[in-house]
Every structure is written in structure tokens, then in C-alpha cells.
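The values are calculated or read from the model by the stated rules, or taken from the named source; none is laboratory data. As the structure is a computational prediction, the values presented were derived from the model and not from experiment. Here the Cβ positions follow ideal geometry from the backbone for every residue, glycine too, while neighbour counts run over all protein chains shown.
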Amino acid sequence: MKRKFSEVDNGENTSGEKGTWALGLLKAMNNPNSVLKTDNKVTMIKDLYPKARHHFLVLPNKDISDLKTVQPEHLGMLRHMDKIAKEYVQENYPGVNFMIGYHAEASMHRLHLHVISDDLDSTAMKTKKHWNSFATKFFINSKDIRQSLANNGSVQLPTKEQCKQYLDTALKCHKCDFKPKHMPDLKKHILTHLK
Ligand code: AMP
Ligand code: ZN
């Protein structure tokens, strides 16, 4: 079956099909065990397969499907998603650096903002694609998304080919020039950047 969404599986979709699995975030938004914070506009949830020590997602309550469908009228919503994310991490994880942004191509339904600590240290961080989805231009800072939307009237995204290139990039540490041979090498190396 041809997959409509990105090839960055989360290591848990073993069926090879994008069915109810891709609706998981919508289910999580209604699960009190997953929800960290909510208001009338957005919901913040735990990422079920965290790719760092702290990894959360913020989604609009309104059904905005993805970055491609985001319109200038959503700018306020995008700003609010960032605000909720920043407030949460400042309150709960003071002093921890977070990356706040979007995957250029999403694998799950509904627009979702990644809020992820920049250690990228997690047992669920298993593959090169996982790594590159956060450590290359496949990960787009929220501020850049808003700027692109404000300047162009829609979000300018990398092409499918560019996305593939980003995900296939040779492994490299996101904090220094170290080029590991493989993921186990990299996972060991990133610990040297932790306090
Ligand atoms: P993306 O590649 O931007 O679509 O990222 C989807 C994110 O959702 C990944 O970080 C997954 O670990 C996470 N995820 C997948 N299924 C669930 C779920 N059921 N509940 C919460 N997070 C999930
Ligand atoms: Zn390094």
C-alpha cells in the first residue's frame, strides 16, 4: 500500500499500513493519562515514543490537518501553541533546552508541534530516520514556520525529494562535528554533551 505520509515511522507501526495507528494523537488528546495541559484552543500531550528525555506534542483542538493546510488566519493559533509549550517547559523543566518545531512531513494525523529536549537521548530514538527527523532541516523551528506563513501566505516546505535527502543524510552529532558510524556509536557520543 502506498503511504501518504512521511516514512518516519515511530518504530511501533509494524503493520506497514497507515490506518488507525495514524489517528493515535487524536485518541491521546482524549486520554487523561496523556494530556498534560489543555485550554479551549489547544491540547498538550506526552509523546508516547519520546525521542529525547522530554518530548511533548501540542495540537490545535480544531481540526487543522497539517502544515500544508495552514492558512494565515491560523497564525494566532500557531503562536498560542508555542506559548503553551514554552510556559509548560519553563515551569516544569527550568534550565533544560528544548527544540520547538515541526517535522517537514508528518506521519500522524492533525497538525502537531514537537516540544523536545535537545539531548535527543532516548531508547525510542532507534533509527537514522528518527535521528535525522530532529537533527536536520527536516525539523523546522516553529518561528520559521510562522515567518514563512506570514511572508508567503502559506508555509513553504521542502519537497518530497529534499525530505528524503534530509532523512537519508549521514549521521552527525547535532552538537559537534562528530560523525558516528552507526546509531549505537552516536547514542554513546551524545551522552558526552550532557551535564
Ligand atoms: P510526526 O513524525 O511529526 O508525525 O511525529 C509523530 C509523533 O507522534 C512521534 O514523535 C511519535 O513518537 C508520536 N506518537 C505516535 N503515536 C502516538 C500516540 N498514540 N500517542 C502519543 N504520541 C504518539
Ligand atoms: Zn557531539
*Could you grab the pairs with beta carbons closer than 8 Å, sequence gap of 6+ or different chains, first residue in the range 22-44 and at positive phi, second one at pLDDT below 95 and surrounded by 13 or more Cβ atoms within 10 Å (Cβ to Cβ)?*
none
*Members of the range 151-172 that are part of a loop (DSSP other than H, G, I, E, B), more than 16 Å from ligand 1 (Cβ to nearest atom) and farther than 13 Å from H130 by Cα*: G153, S154, Q156, T159
*Looking at (1) away from ligand 2 (no atom under 16 Å from the Cβ); (2) over 22 Å from T38 (Cα atoms); (3) more than 17 Å from the chain's Cα centre (by Cα); (4) hydroxyl-bearing (S, T, Y), which is the one condition that is false for Y93?*
(2)
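Residues checked against (1) modelled with pLDDT of 95 or more; (2) farther than 24 Å from K187 by Cα; (3) in a loop (DSSP other than H, G, I, E, B); (4) among the basic types (K, R):
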{"site": "R3", "(1), (2), (3), (4)": "no, yes, yes, yes"}
{"site": "E7", "(1), (2), (3), (4)": "no, no, yes, no"}
{"site": "A22", "(1), (2), (3), (4)": "no, yes, no, no"}
{"site": "N33", "(1), (2), (3), (4)": "yes, yes, yes, no"}
{"site": "K37", "(1), (2), (3), (4)": "yes, yes, no, yes"}
{"site": "I45", "(1), (2), (3), (4)": "yes, yes, no, no"}
{"site": "L48", "(1), (2), (3), (4)": "yes, no, yes, no"}
{"site": "I64", "(1), (2), (3), (4)": "yes, yes, yes, no"}
*Residues of the range 115-136 satisfying the condition of being closer than 20 Å to K160 by Cβ and within 10 Å of ligand 1 (Cβ to nearest atom)*: K129, H130, S133, F134
*Confirm whether F139 is within 16 Å of ligand 1 (Cβ to nearest atom), crowded, with 16+ Cβ neighbours inside 10 Å, at negative phi and without any contact (Cβ under 8 Å) to a residue 60 or more places away in the chain.*
yes
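Suppose we filter the range 173-195 for residues that are part of a loop (DSSP other than H, G, I, E, B) and of a type in the set (A, V, I, L, M, F, W, C); how many remain? Break it down stepwise before answering.
Going residue by residue through the range 173-195, those that are part of a loop (DSSP other than H, G, I, E, B) are 173-182, 194-195.
In the following step, the residues that additionally are of a type in the set (A, V, I, L, M, F, W, C) were identified as 173, 176, 178, 194.
Number satisfying all stated conditions: 4.
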